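The structure under discussion appears below in the form of structure tokens.
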Amino acid sequence: MPLAEIITIGDEILIGQITDTNSPWIATELNKIGISVKQITSVSDQKEHILEALAEAEKRADIILITGGLGPTKDDVTKKTMATYFGSKMMVVHQPTLDIVSGFFTKRNLPLTELNALQAEVPDNCEVLLNENGTAPCMLFQKGRKVFISMPGVPFEMMSLMTSKVLPELSKRYQLPSIYHRTILTAGIGESFLADKVADIENALPSYIKLAYLPKLGMVRLRLSTAGNADEALIAEVEHFAGQIEERVPEYWVSNEDVAFEKAILDLMERNKLTLSLAESCTGGYLSHLFTQHAGSSTVFDGGAVTYSNKLKMSVLGVKAETLEQYGAVSEQTAREMAEGAQRNFQTDFAIAVTGIAGPGGGSEEKPVGTVWIAVAGKAETVAKQFIFSNKRLQNIERSAMAALFMLLTLLRKSHYN
């Protein structure tokens, strides 16, 4: 199995200005076709740092994928550094890239500057994988048995190149194993508790089937993977163990597809022709964002309201003034009335309400920071539950959203929707 290394270039990553989302995505896609990532390295926009990273990666890996540093400004030095590393004699104009660059500016009625035209120049000893979604070229260099591919750092450009050009090119150049992955998405249970519940199943796995725990806030993905070429018999064996795990933890099982938690719920509700609305207070629209980031979410998600103030809780959702006065905004009674008000006023089958103290201020001895009440209104009943999270605001918002999703899923299953 060939080994890969990913190098990300850019000071903005090292100073924390942006988060490197490219590397995890690249690693996932490589793993799917049987290429293992040995190391991920981030370096500055300094020529000597890049040269050192390339030399070290060449010792460790067969495939080196580089992202970033390919723009038109002076601090984008990747192309010239690659030319140095591979002993290029000159820079040449790659006409198809120049056509794309020219077209980019023509469509926007902008002049093509000399600086932008230089984007189409590449080292004379590289192969260009045409970037049809941007102006920075994707360059492939061969050095002995090693392959180096430099891609732009803009995520959508990189992803398009990986999918349409890079992965097919690597599949042609290397004899790759046929890997089979089976994902089980669980929620509402911690990694260690889940591992304890399936310990005997994990211990019974043969050496050529691996179980990985991939925890994320509020959920855990279990991934069964084959270590050899996946024929029908091996796939059936993986499915057998996956079935055992699903039967062991039915109350925590969400999906057997590698999808986001909220997408699994959208798919379930769409299959059953159900609609959903939201009433958010402390989550401030975060739940709405989770749902609406998925194409086709409008089939299920009708909308909702972010009702921070008591005034809006009353006028938009119909929460009673006496409820707020007697129990407060962060209470079971208010959460229930918010959910039922959303369900009634927005005319949906199900509704979620979240109200709480996200922090870091605003808490009291009776209701400390991190206190959250969540209610879910369904066709037959409304359920509500209190949670005590931490004093970290963003984490509280995310935990509240995950807890709300799990409560909705539980009520859907209780209502016999599968």
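The values are calculated or read from the model by the stated rules, or taken from the named source; none is laboratory data. As the structure is a prediction and not an experimental result, all values here were calculated from the model. A quick note on method: Cβ atoms are made from the backbone with ideal geometry, for glycine too, and the neighbour counts reach across all protein chains shown. Accessible surface is based on the protein model in full, side chains and every heavy atom, while ligands, DNA and RNA are left aside. Shrake-Rupley method; radii C 1.70, N 1.55, O 1.52, S 1.80 Å.
Lys-Lys pairs in region 1-115 that are eight or more residues apart or on separate chains and whose Cα atoms lie under 13 Å of each other come to 5.
Taking a ≥ b ≥ c as the square roots of the eigenvalues of the alpha carbon gyration tensor, region 173-261 is prolate, as a/c is not under 1.5 and a/b beats b/c. At 1.4 Å probe size, with no ligands or nucleic acids counted, give the accessible surface of MET1 in Å², nearest ten. Per-residue accessible area (MET1): approximately 130 Å². A simple rule links phi to the HN-Hα coupling: the Karplus curve 6.51 cos²θ - 1.76 cosθ + 1.60 with θ = phi - 60°, which for region 373-382 gives 10, 10, 10, 10, 9, x, 6, 10, 7, 10 Hz, with x for Gly and Pro. Counting only protein heavy atoms and using a 1.4 Å probe, the accessible area of ARG399 comes to about 90 Å². At an R0 of 30 angstrom, the distance between the Cβ atoms of MET91 and ARG145 translates into a FRET efficiency of 0.70.
Restricting to bridges with both residues inside the chain, how much of the DSSP beta-bridge set is antiparallel, in percent to the nearest 5? Walk me through the numbers before you get to the answer.
On the way: 41 of 68 bridges.
Roughly 60 percent of the beta bridges in the chain run antiparallel, per DSSP.
Ligands, DNA and RNA aside, SER44 has an accessible area near 10 Å² when probed at 1.4 Å. Once backbone amide H atoms are built at 1.01 Å from N, VAL37 has ALA4 as its partners under 5 Å, excluding neighbours fewer than 5 places away on the same chain. A 1.4 Å probe run over the protein chains yields, for region 80-184, 51 Å² of accessible area per residue, whole-number rounding. Per-residue ellipticity at 222 nm from helix content only, as computed over the chain with -39500 (n - 2.57) for each DSSP H run of at least four residues, stands at -11500 deg cm²/dmol.
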